[in-house]
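Down below is the structure, laid out as structure tokens.
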Amino acid sequence: MAGDRLEKNSVERTLCIPLWCRALAVEKLPQILPDTDAVRILKEMGQTKPPTPFYRMECACLAGAIRQYDFAKEIGWYLERHPDATVVELGAGLSCLRNQMKNTKNPWYSLDLPDVIACRKKYIRPAANEKNLACDLTDHSWFEKIPFDPGKGAIFYAAGVLHYFSLGEAKSLVTDMAAQFPGAVFVFDTISRKELKEGNGQVSSTGNDTKITFYLNDAEKTLPLWSDRLVNTVQRSYLEGYPVKGVSYNWFTKLYIRSKRDKFFMVHTEFRKEPGEAGESSS
């Protein structure tokens, strides 16, 4: 990356896709956790138009904004039970979810590849108890850089990250995290096998040849097979699993939502505290 220009065909460049969705949703769907930081960042980057006209459509704005909303709900539920917990975002990109949630209390770690962290540092000023960590998520040495107190807890989340992992990389990451952080929670989004072709077509339309490779059709059945440390796994609809009050969609967006019911998911899984002891159930 030269300066703050993300190289073509890099995974890092895909971070601009949700950034545009969230920025345009500020005007089109302000009821869904408006991300004014996304608007500011794009302006400072000199980005004047989204990659394709699709991003101006309400359904595209929804796809970007609702993911932040979903994670905010999960984090909020967890912090109600663990008010002093650490929050860790895997593959943070240019997310400002902490600002959207107006959270100034909890330790918050933002992890991503070195080029992305360099870009993040330029556009997002961290709070006093917020830290950026440059790392490769597939190299699990980053585990040691996360202070973890089982009594206080931790919630990890990953937005649009596992998409670009192989099955082996995803399984290794999740199971090793479960062993390292007993009692913590991990929330991530994923797609079904049906969505692979369409999802890759969407990424390709932005001029990026990075491929989505990971999917889960049924996390509630699959994750417990990966490890007995993964408990209380819940899979919800990405677009409908966390209802938003006071919002209505146009007819095309409603069709879009129906078309993605068996393709877009949010997954909540908990890391068993001790062998034979279940974690806390999801809200």
Does Tyr256 count as touching a helix residue (DSSP H, G or I) at 6+ places or on another chain (Cβ under 7 Å), more than 27 Å from Lys171 (Cβ to Cβ) and not acidic (Asp, Glu)? yes
Would you please name the residue that is modelled with the lowest pLDDT, looking only at residues in region 20-38 that are outside any loop (DSSP other than H, G, I, E, B) and closer than 17 Å to Phe71 by Cβ? Cys21
Taking Arg125 as the residue in question, decide whether it is basic (Lys, Arg), exposed (fewer than 15 other Cβ atoms within 10 Å of the Cβ), closer than 30 Å to Gln31 by Cβ and modelled with pLDDT under 95. yes
Do any residues in region 225-241 that are closer than 21 Å to Ser259 by Cα have Cβ atoms under 9 Å from those of residues that are aromatic (Phe, Trp, Tyr) and surrounded by 20 or more Cβ atoms within 10 Å (Cβ to Cβ), where the two are at least six apart or on different chains, and which pairs are they? Gln235/Phe265; Arg236/Phe265; Ser237/Phe264; Ser237/Phe265; Tyr238/Phe264; Tyr238/Phe265; Leu239/Phe264; Gly241/Phe265
Going by the conditions given, is Glu130 open to solvent by 10 Å² or more (accessible area, probe 1.4 Å) and within 27 Å of Lys273 (Cα to Cα)? yes
Do you know which residues across region 34-50 are touching a residue at least 60 places away in the same chain (Cβ under 8 Å) and crowded, with 17+ Cβ neighbours inside 10 Å? Pro34, Asp35, Asp37, Ile41, Met45
Taking into account only those residues within region 51-77 that are free of Cβ contacts under 8 Å to residues at least 60 places away in the same chain and within 29 Å of Pro150 (Cα to Cα), which is surrounded by the most Cβ atoms within 10 Å (Cβ to Cβ)? Ala72
Scan Lys221, Lys197 and give me the residue that is open to solvent by 60 Å² or more (accessible area, probe 1.4 Å), in a helix (DSSP H, G or I), modelled with pLDDT under 85 and of a type outside the set (S, T, N, Q). Lys197
For region 156-176, the count of residues that are surrounded by 23 or more Cβ atoms within 10 Å (Cβ to Cβ), at pLDDT 95 or above and not aromatic (Phe, Trp, Tyr) equals 3
Among Phe148, Phe143, Phe188, which is under 25 Å from Lys260 (Cβ atoms) and touching a helix residue (DSSP H, G or I) at 6+ places or on another chain (Cβ under 8 Å)? Phe188
Could you tell me which numbered condition Asp209 fails, if it satisfies all but one of (1) at pLDDT below 90; (2) among the charged types (D, E, K, R); (3) assigned to a helix (DSSP H, G or I)? (3)
When region 78-111 is checked residue by residue, the ones that are over 22 Å from Cys21 (Cα atoms), open to solvent by 20 Å² or more (accessible area, probe 1.4 Å) and within 16 Å of the chain's Cα centre (by Cα) are Tyr109
Condition first: touching a residue at least 12 places away in the same chain (Cβ under 8 Å), assigned to a loop (DSSP other than H, G, I, E, B) and more than 17 Å from the chain's Cα centre (by Cα). Now tell me which residues in region 242-259 satisfy that. Val244, Lys245, Gly246, Val247, Tyr249, Asn250
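The values are calculated or read from the model by the stated rules, or taken from the named source; none is laboratory data. The structure presented is a predicted model; accordingly, all values stated were derived computationally and were not measured. Every residue, glycine as well, gets a Cβ built from its backbone with ideal geometry; the counts of neighbours run over all protein chains shown. For accessibility, only protein heavy atoms count, side chains too; no ligands or nucleic acids. Shrake-Rupley method; radii C 1.70, N 1.55, O 1.52, S 1.80 Å.
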